[in-house]
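Quick notes on the structure that follows.
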Amino acid sequence: MNSKVFFGLYVPTNSILHRLDPRMKIIACFWYVVIVFLANNVLTNVLLGLFLLFLIWLSKVSLKMYWQGIKPLMWVILLTAAVQLFFSTGGQPIWQWHFLNITSLGIIQSIYLIFRFAFIITISTVLTVTTTTLQLAAGIESLLKPLSYLKVPVSQLAMMLSIALRFIPTIMDEIQTIMDAQRARGMDFSAGNLFQRAKRLVPVMIPLFVSSFKRADDLALAMEARGYQPGAPRTAYRQLRWHMNDNWAFLTYVVLTVALIVLRQI
Amino acid sequence: MAQPAVVFKKVAYTYNAQTAFSFKALQDISAEIEKGSLTAIIGHTGSGKSTLTKLVDGLLLPDHGSIQVGNFNLTHESGHDELLKLHREVGYVFQFPEKQLFSDTVLQDVEFGPLNLGKSAKEAKQMALVALDTIHLPADLYDHSPFELSGGQMRRVAIAGVLAMQPQILIMDEPTAGLDPQGQTEILELAHSLHEQGTTVILVSHQMDQVARYADTVLVLNHGQLVFTGTPRNLFSQLQLLKQAELEPPLATAFAQSMADQGWHFDHLPLTVTDLGNELVKQLQKEGQHE
Ligand SMILES: Nc1ncnc2c1ncn2[C@@H]1O[C@H](COP(=O)(O)OP(=O)(O)OP(=O)(O)O)[C@@H](O)[C@H]1O
Ligand SMILES: [Mg+2]
């Protein structure tokens, strides 16, 4: 476990994807996840896969980084695929044992399922690898803006989100340090039964809470000292700007969607 | 004195190896730390000091090479059980150790280490009381919550938590950071007296004055490489080396150095203010005799 290789952490390669408007990237990511469910045959899956490879190439981030994103979730994916494989019906039965059976349709569907998972994880990684957490929060804030007419405190929510995102790596580092410190004091985290292990979390959780509260307190003070007022209108130092490239990106997605719908029929 | 407490043999460590973020924190370190010495590890920020000390306590394992600590030989294959035993021999005071406090009372927190070592409740309490006595905490604070103490007191309680395990090798990673001058002196004096009682002390420090005053050996790291091993006196007379490692000489040495540039002569390079005073008195007396 290491914070620096946190799933899908920003990698500053300043590629064309990095420079796209975060709103475009958020919408694109969502839309991709939606159209992944339209893929129903080989051609459509190939199309989505190639498109994803194209994005990875554009992002100038090594394939290895993306693999790091999928790897921890591999077991979940395989387990789900196995369930799909053994319990689905339809198509030609190939193998049967008690209530387990493998059918031709089951095989195909579980393969699609694996791809679906991989596509969704990878596209989210493309988003987070090319977009800083600050930009993400700004993008989300801007996209949710209409909700503020319904009295939803959008900018406060966005502030909370960006603070939370910002501190995930810090807290992971902190956990590592505290665990190391207690390990140096002779603590064995891995011995004993589940209950004993749970009890051992106390020397980690308490210092973690103490320092997190302290950090939150300091942060609140620092924000107040710099004039932050919840609910007051704020302007952003970096304004979001929609560029020509964002239009092209949008167009690409329209084309992709149309192509997908066409290929679906084949 | 002959037997070393710690031997580094061609040690290398890389953070996040085999990822896009891999970072070579230490390369090809070979050195010995003598038993019973007070060894300072210095170097600019990010030079790998904490990484090196974590390797000594087995909190990180080297990618290459090995580290001999007492009877333990640490390599990248060292097992869990061996490391557990190692923690009995080596005490590690982390940077800002007050972060590790968690118990309801000061005493309980200090007992935590000995209890982990498998001591009985009575023995653990005894060891904790001895440790708390060493750090001069008023006894009426023993049953207070550690979170009610002042920053300096918390620091000392955390140190007591490590001392209670009675380690043979004590690592202190910047133990004086963020303390007032008196608090700093207290902790350094504590390290010094432990050293005099035979504990091997490894002190990571940014303050050259402390190093000059207390250490008998210095290891200098620069960008993950060991660039110097030897006495403080030897180190601080090599201005070129200091500059390369982005370090400053102690105040007294810098002062003497600039006087030397003005034509003064020093028989001994002064490292501490006391040294400097003595040397100056000698010089002034000589001047007096000339007149
Ligand atoms: N968990 C980690 N993951 C990745 N890189 C790390 C990690 N910890 C340290 N590093 C890097 O390794 C290098 C050495 O770190 P280390 O903490 O040993 O430095 P240090 O000499 O103790 O510095 P300081 O004086 O600031 O405490 C630094 O450049 C740091 O960025
Ligand atoms: Mg350090």
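The values are calculated or read from the model by the stated rules, or taken from the named source; none is laboratory data. Please read all numbers here as calculations on a predicted model, not as lab measurements. Virtual Cβ from ideal backbone geometry, glycine too; neighbours counted across all protein chains shown. SASA here: full protein model, heavy atoms, side chains in, ligands and nucleic acids out. Shrake-Rupley method; radii C 1.70, N 1.55, O 1.52, S 1.80 Å.
Towards the positive end of the charge dipole of the protein assembly as shown, with charges on Cβ (+1 Lys, Arg; -1 Asp, Glu), say which of A:104, A:205, A:184 has the farthest Cα.
Positive-most Cα among the choices belongs to A:104.
Please determine, in degrees from 0 to 90 and to the nearest 10, the orientation of helix B:80-89 with respect to the longest principal axis defined by the Cα atoms of chain B, where the helix direction is its Cα long axis.
50 degrees
According to the Kirkwood expression over distinct Cα-Cα pairs, how big is the hydrodynamic radius of segment A:154-226, in Å?
14.2 Å
Check which residues have an amide H placed less than 5 Å from residue B:5's amide H, if you skip close sequence neighbours.
Here B:33, B:34, B:35 satisfy the definition.
Under the definition of partner shielding as Cβ atoms of other protein chains within 10 Å of a residue Cβ, what is the mean value for peptide A:175-182?
If you average over the peptide's residues, the count of other-chain Cβ atoms is 5.
Pull out the extension gain between residue A:259 and residue A:145, defined as 0.36 nm times the separation in residues minus the alpha carbon to alpha carbon distance; nm, one decimal.
Numbers: separation 114, 0.36 × 114 = 41.04 nm, distance 3.17 nm.
Length difference between fully extended and current span is 37.9 nm.
Within 10 Å of each Cβ in B:96-109, how many Cβ atoms from other chains are there, averaged over the peptide?
Other-chain Cβ atoms within 10 Å of each residue's Cβ, averaged: 4.
Provide the convex hull volume over Cα atoms per residue for the protein assembly as shown, in Å³.
Numbers: hull volume 133.8 nm³, N = 557.
Convex hull of Cα atoms, per residue: 240 Å³.
Just to check I understand the Karplus step: with θ = phi - 60° and J = 6.51 cos²θ - 1.76 cosθ + 1.60, what whole-Hz values come out for segment B:268-274, glycine and proline as x?
The phi angles translate into 10, 6, x, 9, 10, 4, 4 Hz.
Can you work out the Karplus-derived ³J(HN,Hα) for every residue in segment A:209-214? Use 6.51 cos²θ - 1.76 cosθ + 1.60 with θ = phi - 60°, whole Hz, and x for glycine or proline.
5, 4, 6, 5, 5, 4
Helix B:151-163 versus the longest principal axis of chain B: what angle, 0 to 90°, nearest 10, using Cα atoms?
Between the helix axis and the principal axis of chain B, the angle is about 70 degrees.
Going Cα to Cα from residue A:64, which lysines come in below 27 Å? Please leave out same-chain ones fewer than 8 positions away.
Qualifying lysines at Cα under 27 Å: A:4, A:25, B:24.
With +1 on the Cβ of every Lys and Arg and -1 on the Cβ of every Asp and Glu, and nothing else charged, how large is the dipole of chain A about its Cα centre, in debye rounded to the nearest 20?
The dipole magnitude comes to about 200 debye.
Tell me the per residue accessible area of segment B:174-288 using a 1.4 Å probe; a whole number in Å² is fine.
On a per-residue basis, 51 Å².
Taking a quarter of the surface of the convex hull around the Cα atoms of segment B:108-264, what do you get in nm²?
The directionally averaged projection comes out at 11.3 nm².
Kindly identify residues of segment B:74-90 having a loss of at least 40 Å² in accessible area between the isolated chain and the assembly of all protein chains, probe radius 1.4 Å.
Residues losing area: B:80, B:84, B:87.
Rank these by accessible area, largest first, 1.4 Å probe: A:19, A:116, B:156.
A:19, A:116, B:156
Restricting things to Cα coordinates, could you compute the convex hull volume per residue of chain B in Å³?
Convex hull volume per residue, Cα atoms: 154 Å³.
Is there a simple number for the mean count of other chain Cβ atoms within 10 Å of the Cβ of residues in A:203-210, and what is it?
Whole-number average of other-chain Cβ neighbours for A:203-210 is 4.
Where the centroid of each part is defined by its Cα atoms, how far is segment A:46-94 from segment B:46-88 in Å?
39 Å
Checking an interface number: how much accessible area is buried between B and A, summed over both chains, with a 1.4 Å probe, in Å² rounded to 100?
What B and A bury together is about 2200 Å².
Give me the accessible area of residue B:206, 1.4 Å probe, in Å² rounded to the nearest 10.
80 Å²
Run down the aspartates and glutamates and flag those whose C-alpha is under 19 Å from the C-alpha of residue B:243, throwing out any fewer than 8 positions away in its chain.
Once the sequence-local aspartates and glutamates are set aside, what remains near residue B:243 is B:209, B:261.
Below 8 Å, C-alpha to C-alpha, sequence gap of six or more: please give me the relative contact order for chain B in percent. Don't jump to the answer; show the numbers that get you there.
Values: 522 pairs, mean separation 60.7, N = 291.
Over chain B, the number comes to 21 percent.
Check which residues have an amide H placed less than 5 Å from residue B:60's amide H, if you skip close sequence neighbours.
For residue B:60, whose amide H was placed from the backbone, the distant partners under 5 Å are B:55.
Hey, what number do you get for chain A at 222 nm if only DSSP H runs of n ≥ 4 count, each worth -39500 (n - 2.57), divided across all residues, to the nearest 500?
Roughly -22500 deg cm²/dmol at 222 nm, from the helical runs in chain A.
Can you list the HN-Hα couplings for segment A:86-91, worked out from phi with the Karplus curve (6.51, -1.76, 1.60; θ = phi - 60°), rounded to whole Hz and with x for Gly and Pro?
8, 10, 7, 10, x, x
Cross-link partners among aspartates and glutamates for residue B:286, C-alpha distance below 15 Å, same-chain residues fewer than 8 apart left out?
Output for residue B:286: B:267.
Considering only protein heavy atoms and a 1.4 Å probe, what is the carbon-and-sulfur percentage of the accessible area of chain A?
Carbon-and-sulfur percentage of accessible area, whole number: 71.
With every protein chain kept in the model, how would you rank B:77, B:89 by accessible area, 1.4 Å probe, largest at the top?
B:77, B:89
Between residue B:41 and residues 5 or more places away or on another chain, which pairs have amide H atoms under 5 Å apart, with H built 1.01 Å from N, and which residues are they?
Distant-sequence amide H within range of residue B:41: B:203, B:204, B:205, B:219.
Just subtract the alpha-carbon distance of residue A:104 and residue A:152 from 0.36 nm times their residue separation and send over the number in nm, one decimal. List each step's numbers first, then the result.
Working: separation 48, 0.36 × 48 = 17.28 nm, distance 4.96 nm.
Taking residue A:104 through residue A:152 to full extension adds about 12.3 nm, to one decimal.
Just the accessible area per residue of segment A:154-226, please: how many Å² with a 1.4 Å probe?
Accessible surface, normalised per residue, equals 59 Å².
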